[in-house]
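The values are calculated or read from the model by the stated rules, or taken from the named source; none is laboratory data. This structure is a prediction, so every number in the text was calculated from the model and none was measured. Here the Cβ is made from the backbone with ideal geometry for all residues, glycine too, and neighbour counts use every protein chain on show. Protein only, heavy atoms only, side chains kept; ligands, DNA and RNA dropped before computing areas. Shrake-Rupley method; radii C 1.70, N 1.55, O 1.52, S 1.80 Å.
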Amino acid sequence: MTAMIETVGLTCRFGGVVAVDNVSLKIEEGELRCLIGPNGAGKTSLFKCLSGQVQPSGGRVLMKGREISRFHPHEIARMGMAIKMQVPSVFNGLSVHENVWLAAARLHRGKALEAIVDETLSAVGFRSAEAREKRADELSHAHRQWIELAMLAACKPAIALLDEPAAGMTQDEMLRTVELIKTINRSTTILVVEHDLEFISLLARKVTVLHQGKIFVEDTMSNISNNAAVREIYLGKQWRMAQ
Amino acid sequence: MNYAGMNAGSLTFTASLVVVALGGPSVLDTFQVLQLSAYSSLALGVVGLAFVWGILGILSLGHAAFFGIGAYAYAILSIAQGESTFAVAAAILAPSVLAVCLGYFLFYGRVGDVYLSVITLCVSLILFSFMNSTADVSYTLLSVPLGGFNGISAVPPLNWPGFVGDFLTPEATFSLCFLLLAAVYLALQFLRGTRLGRIMASVRENERRCELLGYDPRWLKLVGFVISAAIAGLAGALFTANTGYVGPTVFDLGQSSQFILWAIAGGMGTLSGAIIASFMLQFLASFIGTSQLFNTSLVFGTVIIFFVYALPNGIVPSLQGLLRKLSRLARRQRRRPEVIGDSIKSTP
Amino acid sequence: MMNISRRNLIKTGAVGVLAAGVSPMLSATSVFAQGETVAVGSLHDLTGGTDVYGVPSHACMKMAIAEINAAGGLLGKQIELKTYDGQSDIKKFPQYAQQAALQDKVVMLQGAITGASREATRPVLRRYKVPFVYGTIYEGGLCETNAISVNTGSDQQAIPLLDWSFKNLGKKVFYIGADYNAPRNIGIWTNHLANQNGGTVVGEEYYPLDVTDFSTAIAKIQAAKPDYVHSCLVGGPHMAFYRQWAAAGMLKKIPIVSVVFGGGNEHMVLTPEETDGIIVAYNYFEEIDTPANRDFLARADKTMGASRPYINGIAIGGYTGPMIWAEAVKRAGSFDYAALMDALKTDIEWAGPSGKMVLEAKTRSTIQDMHIMQVENRKWKLLETQSQVRPFDFGGACDLLANPRNTEILVPKV
Amino acid sequence: MDQVLVTAIAIATGIATLVLISLGLAVIFGMMRIINFAHGEFIMLGAYATVLSTNAGMNLWIAMLVIAPAFVALVGLGCERLLIRRYYGNLTTTMLLTWGLSLFLVGSVTALFGNTTRGIAAPLGSVTFGNYSVSVYQLFLIAFAALLVLGAALFLTRTRFGLIARGTMQNPAMASTLGIDPGRVYAATFAVGAGLSGLAGGLLAPVSGVLPNMGASYVAKAFVTVIAGGSSVLVGTTGAAFMFGPIEAIVSLISTPVIGQASLLAAAILLLRLMPMGLSAGFRRST
């Protein structure tokens, strides 16, 4: 079976900086993979390479066995990849409803479209008409993240890339986000980047650790948490505190 | 829902344009009919710009290029053929073709922001230089001399399609111009509300996000750009048919900036505002020019500066704001205790 | 193109339709005779890029109207001057011409100095039967019954000036002009006259109107080594040429002749070090030493005030235009359009500050004296006068008595 | 040989003129993202200040190099404080506003001084190279433009104000957290930009027609140069001038001036197509 997404020796350079260095990653259909690593580990750059926002300097990206390294972002999106960016990227000047409508409108028309929008908005808690008419830039950070998740869900993607979906959230909000992601995962392969290790431990089965643009280790969550090298060299103090 | 599409306001505005179109000739004298016809054709030019700028966020500093090509296409073909139907069609088609080429070059080359503005300006200025240098009799198109700086004069007015020489009276031309203005306005307003229009608006808001949702912003921009160019070409044809003259100044910086400033004065993102502002400012400039005030530039400049002070958001949004404030005031006086209930809770 | 369009218009009965369309206005215009005043329009650029030509012409026109009124008016009526500021925006011209004809019901309109504004205005006035008085020097070849040209075409200036130059300055000329119709026409004349005088044109260059850096032009001229330069550079930006020419020390080495220099009062804006010695040809300059001119200037000082603009060969048309038109109206005995057009079928003679002028019936252009003169310390010094220079009739192509329907601008073909 | 030299001087003059007329706009546009439609009128005011003060008996060099920039900087400061200040970040309103300002300035100058003003001649005389003679003032303009670019570069990189200005333009919020008042930096920058335009006007006064409308002939070219230059004020603008100046001069020399002008604009189009963020962005990417 071909992997949902596969990178072969993917490398991404900005000037003299190598942000992604010879990364070979394979994510199977239906998987919920977590990607962790400190700031500057290359997680966001990897996402940009995968989604076509940045052209890789070397290596290949395959989606369902098809090479997509030179594709435009909208072409990749049409193949079924959706992304939630690190900084919430929504249509600030448009209403909550319009945001999700735009996401769903590519695949649906008419009544089906409205039904999808309604269903997705309800799933993230925007039930009243009033809440749906608010402009996106009037919302809190957490709510905008949910809007972006809702947009992602409304696309019904084959694979979703989530860049720090729980950043800046309270405990309650974070737990709710975990539920949302699990719901999405029922029909969608997910690759998620996060700092919050509690969040990761609630979600993940398999974790990839990225360090200085390279894959440092790839294992199950429990093995990662017991990996001395990761703990001492890389996760350090932060890890012990979380334990 | 709050989509900037068809609503009561835009229907009222369309209706009032239609009323002017049909009722105007019986109320106005011939001079006013001729003057307003010319004004309306420039107003039509600005609508396309207001659309592509306000909805898609493309600031074309060289909008006059499309207007001018339409104007020249009409002048040349209507003289060469003695019939205006095909000339009008060509005036729409020729700028559209240029817009396709230019738009492909710009949008698919990822030129954005002010850089795009300057390229469009350059195109317009190149046309300006070129047309100015066609004074020599050897520059002819379809045996019509381009005329250089002096331009092409005695361009025939519109005729009834198919009836060569059966010219429209000034009154009929007036009605036609205003009906076309109303139709284009309504069509654009309708487009804004459609699926395509709403996706276009998302390009302006966040191009990257739009792309990541699977839409191709390059294509959407190209479509909008070509629509605006086609409208500008039609406007150029109507303007030339109204005034009987076209010269290279249709391509100059002054013409382009006039379109832009009318769009700004009307209020960004509103189409009706651009129309209203263009009529107001044209009338103002014309009025100051005959009223023997101190110095036309000085007075006009002062008026514009004051205008920015008084209505910083443009005419229509400022008026809407005022109306909203007034109605809120009236409502508050009527049912003061309920005000607290109006405030919106911040949780979704 | 004009031929074709005209043929089509006639063929298809367009003229009839147009006439029918405007008939209410025609009846309206004939009401003027009952009023106490008649209106006359001035449509000049009073602001914007070309106001330097428009403002003095308008001031002269105002003076002429004031003098006509002071002398008891015309046919017993006072003349009211309606002023329209073209704002150096061509779009305004047809609109104001319509306003003048239809709303203000003027019996004559003068102005539209630049070629483009003239071409935009002329058809409108023709359509609404308002006589158009054209008061400026221009490229020549205006040949239309409705257009009365009281100043000179480029032929009337270029022929005396270049004949004189080939005789006195040398046989090799470099022609440099602004890139539009009038300078292109004058370029044709330059080539033609070089042929006739056994001279050669060693270079011919046209510059867009907004060019301000002439270093390449000056280098080109120096490389071509002409005996003299014929300049037809026009407008504010092009003044830079004379400054850069003088700064390069060329003014004293190669003489410049021009039929447009001084039209924007360049000889006053620029310094004597930059202009002394430049030779031009005009029908009028303030320094003409005749009693008629001295009297005219004294009156100008009085009506326009001490800070009045210098009256040059362009501005004088603002004065002579209404005066010659008034002569024609007196001959017609009426402000009626048809009567005036009839009156113009014979030559109209009038003597002004620049001497005798004859409005020729055949061309509706004016026979007048031409003066070749030179800048000397911001003033003009007369070199030679050629009396009563006729407008070129393009080998008989311009004969409005034989062919009154012509509206075409004739271009010299050499 | 002398022909090559004269051609080189003509090209250098083209570059110098572009640099002079663009620098003020580059500062205002490049640093503050304001499309200043009144840029040409700032140049015009500089020329008028020079001509009028020289005619009043002032030494030409002082008039040109001190009075003109100082006067226009003051005018710029006044405009900034009274008008522009309220509308920072609003590209469209500032466009409308500066358009009004441009008409207002042309109108005021015409009303005050008429449309004919006695100019001043270029000083310094001429030098001869073989068959050609060239204005010394032209050579001075070239040298001065070079010095100006150098001076501005040093000012922006080596002085406290230069650093603060660059920082504020990059990130106003960050600058204000560092205790810098962005309002004052904006005002000062606007004044400096206006002053540079005034200086250009002063320097060009002896070699151009000084009229109320003279600004119009500079503004489009200045815009093309500045925007094609891209976000880096100095490197971009100078680089663009070095590209466009020779193109226009050489094409004008071998064909016609119209084609020369058109090729300048075409070069700008091509440049922006190849480097969609302007020349300086292209530089940065390649290094």
* Asked: Of (1) touching a residue at least 12 places away in the same chain (Cβ under 8 Å); (2) in contact with a Cys (Cβ under 8 Å, 6 or more places away or on another chain); (3) not hydroxyl-bearing (Ser, Thr, Tyr), B:Gly214 satisfies all except one. Which?
  -> (1)
* Asked: Of all residues in the stretch B:127-161 being more than 9 Å from chain C (Cβ to nearest Cβ), modelled with pLDDT of 80 or more and farther than 16 Å from B:Gly247 by Cβ, which is nearest to the chain's Cα centre (by Cα)?
  -> B:Leu158
* Would you point out the residue of the stretch C:116-149, among those that are among the small types (Gly, Ala, Ser) and assigned to a helix (DSSP H, G or I), that is modelled with the lowest pLDDT? => C:Ala116
* Asked: Quick check: is even one residue across the stretch C:394-412 surrounded by 15 or more Cβ atoms within 10 Å (Cβ to Cβ), without any contact (Cβ under 8 Å) to a residue 60 or more places away in the chain and within 23 Å of C:Leu193 (Cβ to Cβ)?
  -> no
* Say whether the condition of being part of a helix (DSSP H, G or I) and closer than 20 Å to C:Arg243 by Cα is met by at least one residue in the stretch D:110-122. => no
* Asked: So which residues in the stretch C:282-305 are closer than 24 Å to C:Asp45 by Cβ and of a type outside the set (Phe, Trp, Tyr)?
  -> C:Asn283, C:Glu286, C:Ala300, C:Thr303, C:Met304, C:Gly305
* Where residues in the stretch C:329-345 are small (Gly, Ala, Ser) and in a loop (DSSP other than H, G, I, E, B), which of them is least open to solvent (accessible area, probe 1.4 Å)? -> C:Ser334
* Quickly run through the stretch B:83-102 and pick out the residues that are under 13 Å from B:Leu234 (Cα atoms) and not in a helix (DSSP H, G or I). => B:Ser84
* Hand me the list of strands (runs of 3 or more DSSP E) wholly inside the stretch C:346-414 holding 2 or more residues that are of a type outside the set (A, V, I, L, M) and either in contact with a strand residue (DSSP E or B) (Cβ under 6 Å, 6 or more places away or on another chain) or within 14 Å of chain B (Cβ to nearest Cβ) (or both). => C:348-352, C:366-376, C:379-389
* From the options C:Ala300, C:Ala246, residue that is of a type in the set (A, V, I, L, M) and in the same structural domain as C:Gly187 (by TED's automatic domain parsing) -> C:Ala246
* Could you list, in sequence order, all residues of the stretch D:200-225 that are within 12 Å of chain C (Cβ to nearest Cβ), hydrophobic (A, V, I, L, M, F, W, C) and out of contact with any Lys or Arg (no Cβ under 6 Å at 6 or more places or on another chain)? => D:Ala200, D:Leu204, D:Ala205, D:Val210, D:Leu211, D:Met214, D:Ala216, D:Val219, D:Ala220, D:Ala222
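Residues checked against (1) touching a helix residue (DSSP H, G or I) at 6+ places or on another chain (Cβ under 6 Å); (2) at pLDDT 90 or above; (3) within 23 Å of B:Ser297 (Cβ to Cβ):
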residue	(1), (2), (3)
D:Met31	yes, no, no
D:Phe42	yes, yes, yes
D:Pro69	yes, yes, no
D:Val72	yes, yes, yes
* Asked: Given D:Ile28, D:Ile34, D:Ile21, which one is out of contact with any Ser or Thr (no Cβ under 7 Å at 6 or more places or on another chain), within 26 Å of D:Gly167 (Cβ to Cβ) and open to solvent by less than 20 Å² (accessible area, probe 1.4 Å)?
  -> D:Ile28
* Quickly run through the stretch C:360-369 and pick out the residues that are of a type in the set (A, V, I, L, M) and at pLDDT 90 or above. => C:Ile367
* **Condition met for B:Ala80 (touching a strand residue (DSSP E or B) at 6+ places or on another chain (Cβ under 7 Å) and either assigned to a loop (DSSP other than H, G, I, E, B) or within 10 Å of another protein chain (Cβ to nearest Cβ) (or both))** => yes
* Asked: Would a scan of the stretch A:24-46 turn up a residue that is in a loop (DSSP other than H, G, I, E, B), modelled with pLDDT under 85, open to solvent by 50 Å² or more (accessible area, probe 1.4 Å) and of a type in the set (Gly, Ala, Ser)?
  -> yes
* Those residues of the stretch B:222-272 which are within 14 Å of chain C (Cβ to nearest Cβ), β-branched (Val, Ile, Thr) and open to solvent by 20 Å² or more (accessible area, probe 1.4 Å), in sequence order -> B:Thr249
* Meets criteria (among the aromatic types (Phe, Trp, Tyr) and surrounded by fewer than 24 Cβ atoms within 10 Å (Cβ to Cβ)) for B:Trp219 -> yes
* Asked: Does the stretch D:128-164 hold any residues that are within 14 Å of chain C (Cβ to nearest Cβ), small (Gly, Ala, Ser) and in a helix (DSSP H, G or I), and which are they?
  -> D:Ala145
* Asked: Is at least one residue of the stretch D:135-145 under 22 Å from D:Gly14 (Cβ atoms) and loosely packed, with under 15 Cβ neighbours inside 10 Å?
  -> yes
* Of the residues that sit in the stretch D:121-142 and are under 21 Å from the mean Cα position of the chain (by Cα) and in contact (Cβ under 8 Å) with a residue 60 or more places away in the chain, which one is nearest to D:Asn59 (Cα to Cα)? -> D:Ala122
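Residues checked against (1) part of a helix (DSSP H, G or I); (2) more than 20 Å from C:His58 (Cα to Cα); (3) at pLDDT below 85; (4) touching a Leu at 6+ places or on another chain (Cβ under 7 Å):
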{"site": "C:His267", "(1), (2), (3), (4)": "yes, yes, yes, no"}
{"site": "C:Ala300", "(1), (2), (3), (4)": "yes, no, no, no"}
{"site": "C:Ala306", "(1), (2), (3), (4)": "no, no, yes, no"}
{"site": "C:Ile311", "(1), (2), (3), (4)": "no, no, no, no"}
* Can you name the condition, by its number, that D:Leu265 falls short on among (1) buried (at least 24 other Cβ atoms within 10 Å of the Cβ); (2) touching a Leu at 6+ places or on another chain (Cβ under 6 Å); (3) more than 14 Å from chain C (Cβ to nearest Cβ)? -> (3)
* Tally, over the stretch B:285-299, of residues that are away from chain D (no Cβ under 12 Å), in a helix (DSSP H, G or I) and surrounded by fewer than 24 Cβ atoms within 10 Å (Cβ to Cβ) -> 3
* **the stretch B:79-108, residues that are of a type in the set (Ser, Thr, Tyr) and at pLDDT 90 or above** => B:Ser96
* Asked: Do we find a residue being aromatic (Phe, Trp, Tyr), out of contact with any helix residue (DSSP H, G or I) (no Cβ under 7 Å at 6 or more places or on another chain), outside any strand (DSSP E or B) and open to solvent by 30 Å² or more (accessible area, probe 1.4 Å) anywhere in the stretch A:139-148?
  -> no
* To do: Select from the stretch C:272-282 the residues that are in contact (Cβ under 8 Å) with a residue 40 or more places away in the chain and open to solvent by 10 Å² or more (accessible area, probe 1.4 Å) and write down the one among them that is nearest to the other protein chains (Cβ to nearest Cβ).
  => C:Pro272
